[in-house]
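Worksheet: the structure to be examined is printed underneath.
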Amino acid sequence: MKFAVLVFPGSNCDIDCYKAVEDAIGQEVDYVWHTATDLSAYDCILVPGGFSYGDYLRCGAISRFAPVMNEVAKAAEQGKYILGICNGFQILTEAGLLPGALIRNMSLKFRCHDTVLKVTNADTPFTRDYAPGEEIIIPIAHGEGNYYCDEETLASLQANNQIVFTYGSNPNGSLGDIAGICNEGGNVVGMMPHPERAVDSLLGSEDGKRMFTSILKAWRDRHDAAAIR
């Protein structure tokens, strides 16, 4: 399996994502610059956290127009796995690949600490190694992580089981305690917490490691099924 870690001007969690793939599941991984126009070689695309383009205008509002995002949209349509973390989640919402928006934390403060998440959907390629309802510890680090959407969108997310993670104790005011969501196909996930920073007990938690093992298992199952056909 081959991973791409996108790099925008201002990304600062790209190395964390790269090392998580390398250390947690031992798969091939490349840094891919925001000007890239071909992602066909990759099975999973990680859109990392940071402050892309300095968060000018809105978080992710400029990165959304980077050439590579056209390729991310194509990859999503093809069913490839896309994971947006923190600023990456913001970019995916700005690009229209996930519904809703991330706005300023209700406290108007940057929050950086471990947080308890509840796995509300364990039936995605990203969460299959978790138990439904399991509580895990994943760190957050954001100033604009307050998830918001209109009532119709929220009802749709709930009806389609698109809410993947919720906060045990809401740190930012997110509607419905939402910490992460997926698209209707389940192959695109965005989340504000940082699983790539929780892949080893030395980091305080290794609960994030199973997101990466989940992706690998999902890809292998898909690959094996395609080979049988």
How big is the dipole moment of the chain about its Cα centre under a simple scheme where the beta carbon of each Lys and Arg is +1, that of each Asp and Glu is -1, and everything else is neutral? Debye, nearest 20, please.
120 debye
5 Å is the cut-off here: which amide hydrogens, built 1.01 Å from N in the peptide plane, fall below it relative to Tyr31, excluding neighbours closer than 5 in sequence?
Val5
With θ taken as phi - 60° and the coefficients 6.51, -1.76 and 1.60, list the Karplus ³J(HN,Hα) couplings across the stretch 20-34 in order, rounded to whole Hz; mark glycine and proline as x.
5, 5, 5, 8, 7, 10, x, 9, 5, 8, 10, 7, 10, 5, 5
With each pseudo-label sitting 7 Å past Cα toward Cβ, what's the Lys217-Asp123 distance in nm, one decimal?
1.6 nm
Give me the distance in nm between label points sitting 7 Å out from Cα along the Cα-to-Cβ direction at Glu151 and Asn12, one decimal.
4.0 nm
Can you grab the distance from the C-alpha centre of the stretch 179-204 to the C-alpha centre of the stretch 36-63, Å, no decimals?
16 Å
Highest-fluctuation residue, Glu144, Glu206, Glu152 considered, GNM on the chain with Cα pairs under 10 Å:
Glu152
What's the extension gain from Ser169 to Asp30 if we count 0.36 nm per residue and subtract their Cα-Cα distance?
46.5 nm
Under 12 Å from the Cα of Lys109, which aspartates and glutamates turn up, not counting those fewer than eight places away in the same chain?
Glu144
Largest first, please: the extent of the C-alpha atoms of the stretch 96-178 along each principal axis, to the nearest Å.
34, 30, 20
How much of the accessible area of the chain, in percent, comes from carbon and sulfur atoms when a 1.4 Å probe is used?
50 percent
Taking amide H positions as placed in the peptide plane 1.01 Å from N, state which residues far from Asp114 in sequence (5 or more) or on other chains have amide H under 5 Å from it.
Ile140
Electrostatic dipole magnitude of the stretch 97-229 [Cβ: Lys, Arg +1; Asp, Glu -1; Cα centre; debye, to 20]
300 debye
Mean accessible surface per residue for the stretch 39-97, computed with a 1.4 Å probe while every protein chain stays in place, in Å²
36 Å²
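Past the 23 Å Cα-Cα mark, which pairs from Lys80/Lys118; Lys2/Lys80; Lys2/Lys74; Lys19/Lys74?
The answer is Lys80/Lys118; Lys19/Lys74.
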The stretch 50-140 - convex hull of alpha carbons, volume per residue in Å³:
117 Å³
For the chain, calculate the relative contact order in percent as a whole number, restricting contacts to Cα pairs under 8 Å that are 6 or more residues apart.
20 percent
Test of understanding: in a Gaussian network model of the chain with alpha carbons linked when under 10 Å, which of Cys44, Cys59, Cys149 would top the mean-square fluctuation ranking?
Cys149
With a point put 7 Å past each Cα toward its Cβ, work out how far Leu108 is from Leu202 in nm, to one decimal.
4.1 nm
Glu71 accessible area, 1.4 Å probe, all protein chains in place, Å² to nearest 10
30 Å²
Using 10 Å bins from zero, what percent of all Cα-Cα pairs in the stretch 172-229 falls into each bin?
19, 37, 32, 11, 2
Rg and Dmax of the stretch 1-105 over Cα atoms: what are they, in angstrom?
12.7, 37
What residues have an amide H closer than 5 Å to that of Asn146, excluding those fewer than 5 places away on the same chain, when H is modeled at 1.01 Å from N in the peptide plane?
Ile103, Asn105
Give, as ranges by residue number, the residues of the stretch 35-56 whose backbone N falls under 16 Å from the point 7 Å along Cα→Cβ of Lys74.
35-45
Which chymotrypsin sites (Phe, Trp or Tyr not before Pro) in the stretch 100-197 pass both tests, a DSSP loop state and at most 16 other beta-carbon atoms within 10 Å?
Phe110
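The values are calculated or read from the model by the stated rules, or taken from the named source; none is laboratory data. Since this is a predicted model, take the numbers as computed values, not measurements. Reconstructed Cβ throughout: ideal geometry from the backbone, glycine too, with neighbour counts over all protein chains shown. What goes into the accessible areas is simple: the full protein's heavy atoms, side chains included, and nothing from ligands, DNA or RNA. Shrake-Rupley method; radii C 1.70, N 1.55, O 1.52, S 1.80 Å.
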